[in-house]
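These notes concern the structure reproduced below.
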Amino acid sequence: MAEQKPLPKPAVCLIAALTPGGVIGRGGGIPWKIPEDQRLFKKITAGHAVIMGRRTFQSLGRPLPERRNLVISRTLPPDSREVEVYPDLASGLAAAAKERPGISGERVFIIGGGGIYAQALPLASFLYLSRLRREYPGDVYFPPIPAGEWEKIICRAYQEFEWEVYKRNGIKNINLEHELLSAQ
Ligand SMILES: NC(=O)c1ccc[n+]([C@@H]2O[C@H](COP(=O)([O-])OP(=O)(O)OC[C@H]3O[C@@H](n4cnc5c(N)ncnc54)[C@H](OP(=O)(O)O)[C@@H]3O)[C@@H](O)[C@H]2O)c1
């Protein structure tokens, strides 16, 4: 078996909910509300840094509790009291690698939106995708996932979506106990 590369620090994890056609958003928001997916998102990302684009932050309207919130923006003031603001993804990732009390620097979750997912996908080691069963109209899309680069390591069926976790080929796996417990 080919030697597996150690994980980068932080290991970049994209987490998203998308329709069969790749829609993730519409009119600055998310065109569905699926509590089961929201619970899963919270369990998986709690205790980690999350990185988001400015529009996603504005659509949330507040920092996500129990997580370290990093926002990528060239227009928000860097000394915002609510969240940490970085002028580009690379500086956000470098900041996320530093441990904070109660927040691991081993992994960082990229939580959207479309622009940030597209920039982070080539750097990602893991993808956490809630693949909705039905289509919704939208105006923001998840970027195309290059075929042949990913191995599906978890798949769980929920009423409205299939939850899939992928690992980049050739990268060392992580302990998935937390993921499997969260998915119960
Ligand atoms: N379904 C899901 O899982 C999911 C998850 C998250 C979001 N969403 C949806 O996605 C939509 C938002 O996505 P979006 O693509 O429109 O916006 P976005 O990625 O959330 O934010 C875009 C903004 O991020 C900043 N940014 C992006 N790249 C940057 C870079 N390289 N350097 C500096 N700043 C950068 C810019 O902010 P400035 O203009 O301030 O510079 C840019 O305008 C919403 O509809 C939201 O509800 C869906």
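The values are calculated or read from the model by the stated rules, or taken from the named source; none is laboratory data. Here the structure is a predicted model, which is why all the values come from computation and not from measurement. We place every Cβ from the backbone using ideal geometry, glycine too, and count neighbours over all the protein chains shown.
Taken together, 16, 46 contain a single residue that is under 20 Å from residue 94 (Cα atoms), of a type in the set (A, V, I, L, M, F, W, C) and either under 12 Å from the mean Cα position of the chain (by Cα) or surrounded by 14 or more Cβ atoms within 10 Å (Cβ to Cβ) (or both), which is 46. Scanning the stretch 76-101 for residues that are among the small types (Gly, Ala, Ser) and surrounded by fewer than 19 Cβ atoms within 10 Å (Cβ to Cβ) yields 80, 90, 91, 94, 95, 97. Scanning the stretch 84-140 for residues that are more than 28 Å from residue 183 (Cβ to Cβ) and over 15 Å from the mean Cα position of the chain (by Cα) returns 84, 85, 86, 87, 88, 90, 91, 94, 95, 98, 137, 139.
Among the residues of the stretch 108-124, which ones are more than 10 Å from the ligand (Cβ to nearest atom), buried (at least 21 other Cβ atoms within 10 Å of the Cβ) and not aliphatic (A, V, I, L, M)? 109 - this is the single residue of the stretch 108-124 that is more than 10 Å from the ligand (Cβ to nearest atom), buried (at least 21 other Cβ atoms within 10 Å of the Cβ) and not aliphatic (A, V, I, L, M).
Among the residues of the stretch 25-38, what is the count of those that are assigned to a helix (DSSP H, G or I) and either within 11 Å of the ligand (Cβ to nearest atom) or closer than 18 Å to residue 155 by Cβ (or both)? Of the residues in the stretch 25-38, 3 are assigned to a helix (DSSP H, G or I) and either within 11 Å of the ligand (Cβ to nearest atom) or closer than 18 Å to residue 155 by Cβ (or both).
Just one of 176, 129 is of a type outside the set (D, E, K, R) and under 27 Å from residue 32 (Cα atoms); which is it? After applying the criteria, what remains is 129. Which ones in the stretch 67-105 are acidic (Asp, Glu) and modelled with pLDDT under 95? Hits for the stretch 67-105 are 79, 82, 99. Taken over the stretch 93-119, the residue count meeting the criterion of being touching a helix residue (DSSP H, G or I) at 6+ places or on another chain (Cβ under 6 Å) and touching a residue at least 60 places away in the same chain (Cβ under 8 Å) is 5. The listed residues are 54, 81, 74, and the only one of them that is more than 10 Å from the ligand (Cβ to nearest atom) and free of Cβ contacts under 8 Å to residues at least 60 places away in the same chain turns out to be 81.
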